[in-house]
Structure formats: structure tokens, C-alpha cells
Amino acid sequence: MAVSPTRADLTGYIPASLADGARRVVETPDLEEKILVAHATARAWFGRGLSLRRRTGATPMPDQPGRPAAPVLLPPREMPRRAVGGTAGRVALLHSLAHIELNAVDLTWDMVGRFAHLQLPRSFFEDWVRVGLEEAKHFSLLRHRLAALDSFYGALPAHHGLWEAAESAGDDLAGRLAVIPLVLEARGLDISPPMIEKARAVGDEDTAAILEIIYRDEKRHVAFGAKWFRFLCDRERTDPEARFQDLVRRHFRGGLKPPFNDRARSEAGLTPGFYRPLVRLIG
Ligand SMILES: [Fe+2]
Ligand SMILES: [Fe+2]
């Protein structure tokens, strides 16, 4: 059996296929290696030097992503309080965002590897490899911001909710797109503008600038989600809105929470007819 190269000899690393590179991103617990392998795999893929999958046999994806010993994972209700005001609250906010972005790295590369055996246009994988690189960039930006505030990723506890949200959809690509880009990343579009405003209001320009980059990129991630979700529905001859609502009810606990950023969502192709009927009934 071939031995995986260690981080020290990752220079010039080329995976056996896109799916193999994706698997290694998800499976390694070493954060530097995760990012390096994501870049090396994307480079090889865009350089057209990589096949989508091995000719013989599938590349099974790990059940759980590889993660470092810290942060410890606790239930969501035990998370530290987040705020942009004081340093402790700001560090807690940046730490939770860094954790979300690390999950996004694993989830995106998992999707690339998990669905590499499906008959899909090459542009599907081009879109999501690009997203996988952008999630790695977001994680790195937040990690550096934490360092500038004398903290680090792993200094606080985190939770496992995002990976669990994707698990219910399993190997169903439409379900995966419904829950991850079209529910969770779309939620990011709702909460980002007020977060950016608050960071500016307390004079934290550095954090605001990072959040602006993430917001801009995430609009595209939602747009890719909507585009490929519609593509699958067209192919299955199903109504995208009804299919979306059915999948979200099946795979996502709890309804969707307003207020929605209708404008950014619509620009990404996620029009209110998709999500309005799923608003959680309060009272
Ligand atoms: Fe992101
Ligand atoms: Fe994203």
C-alpha cells in the first residue's frame, strides 16, 4: 500500500485524481496540510493534469473530517459569547467564523470527492474546486486575524453542527446542495451585512475588510448552489422550489429564520419562492 507523503514533502505533490486530492484534504487532521493539499489539488486540476477519479474503483470519503486535537467540540449551547465590541467577544466571534470556514473547506472538498463518480459536467467540479480554495482562503484570513489579536484557532471550544447538517443528506447531491449552499451559506448572506456594519461601528476595519471578502465570495457560493440545484431539477424534470422545500424539511432540523437578505439571495438565484414557505412558525 502506498504511504501518504508527509507535510515536509508536499512540494510538488500531485494526487492520483481530483477525488484522491479531495479525500486527502478532508481526511488530514493537520491544518497546514489541509490548505496545502487543497491548493496543490486545485492547481493540478485547473492545469488539466488530473483526472476526475481513478479508472479503477471509487475513492471513498471519510465519515468524519480529520481535525486537530484543539478546538474541543462541545454542544452549540455551550459556545462562548460572541460580539464585535470587546476583545474577548471579538475573538469568540472570529474563532466561531474560522471554525465555520474550516467546516466549509471540509464540506466542499467532501462534495467534490463524494460525487466525482456522478455524470456531471466538468464545470460542476471547476465551480466547487474554486469554492474549496475560497473557503481555505477565508479560514486563513480569519486565522491570521485571530493571531493579530493574540489568539489562535483552537483557543476556544467549537461545535460540530455543520458537518452533522450535511450528514443527513448523505450521498444525495440535491439534498446536499439544498442544505449547505442554499440554507447554511445563504444564511451567511443574511447575517454578514449587519456584522460588517458592527465591526465598522467599533472601528475594527481589519475584521470588516475580511468579512467583506467573505461576503462577496459567499454570494458566488450560493449562486453556484442555485445553479447546480436547478441543473439537477431540470435533469430530473422536477420543480426546483417544491423539491428544495421537500429536501430541507427532510434534512434540516428547524425552519428558516428571517430576516432574509432577499436582494443578495435573489442575485444569487435563490428567489423567495424557495425559502419563504420554510419560515419557522413562531409562537
Ligand atoms: Fe467561506
Ligand atoms: Fe462558502
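The values are calculated or read from the model by the stated rules, or taken from the named source; none is laboratory data. For clarity, every value in this text was computed on a predicted model and none was experimentally measured. Cβ sites come from the backbone with ideal geometry, for glycine too, and all protein chains shown count toward neighbours. Heads up: the accessible areas ignore ligands, DNA and RNA and are worked out on the full protein's heavy atoms, side chains in. Shrake-Rupley method; radii C 1.70, N 1.55, O 1.52, S 1.80 Å.
Within the same chain, aspartates and glutamates fewer than 8 places from LYS198 are excluded, and of the rest, those with a Cα less than 15 Å from its Cα are ASP190, ASP206, GLU212.
If R₀ is 45 angstrom, what is the calculated FRET efficiency for the pair ASP234 and ASP63, using the beta carbon separation as r and rounding to 0.05? Intermediate results must be reported in sequence, preceding the final value.
Values: r = 31 Å, r/R0 = 0.70.
The computed FRET efficiency comes out at 0.90.
Once you have the Cα-Cα distance between ALA155 and LEU118, take 0.36 nm times their residue separation minus that, and quote the gain in nm to one decimal. Walk me through the numbers on the way to the answer.
Details: separation 37, 0.36 × 37 = 13.32 nm, distance 3.95 nm.
Full extension from ALA155 to LEU118 adds 9.4 nm.
Couplings for region 98-115, taken from phi via the Karplus curve 6.51 cos²θ - 1.76 cosθ + 1.60 with θ = phi - 60°, read 4, 5, 4, 5, 5, 4, 5, 4, 5, 5, 5, 5, 4, 5, 4, x, 5, 10 Hz in order; Gly and Pro are left as x. Could you name the lysines in cross-link range of LYS137, using Cα to Cα under 18 Å and dropping any fewer than eight places away on the same chain? Here the lysines satisfying the reach criterion relative to LYS137 are LYS34, LYS219. Semi-axis lengths, largest first, of the ellipsoid equivalent to region 11-126 are 32, 14, 13 Å, with √(5λ) applied to each eigenvalue of the Cα gyration tensor. Think of each Lys and Arg Cβ as +1 and each Asp and Glu Cβ as -1; about the Cα centre, that makes the dipole of region 68-179 roughly 440 debye. When only alpha carbons of region 80-278 are considered, Rg and Dmax amount to 16.9, 53 Å.
Find the centroid of the Cα atoms in region 248-263 and in region 153-232, then give the distance between the two in whole Å. Comparing the Cα centres of region 248-263 and region 153-232, I get a distance of 13 Å. Note that the chain presents 48 Å² accessible area per residue, ligands and nucleic acids not counted, probe 1.4 Å.
Of the accessible area of region 180-283, computed with a 1.4 Å probe over protein heavy atoms only, carbon and sulfur atoms account for 55 percent.
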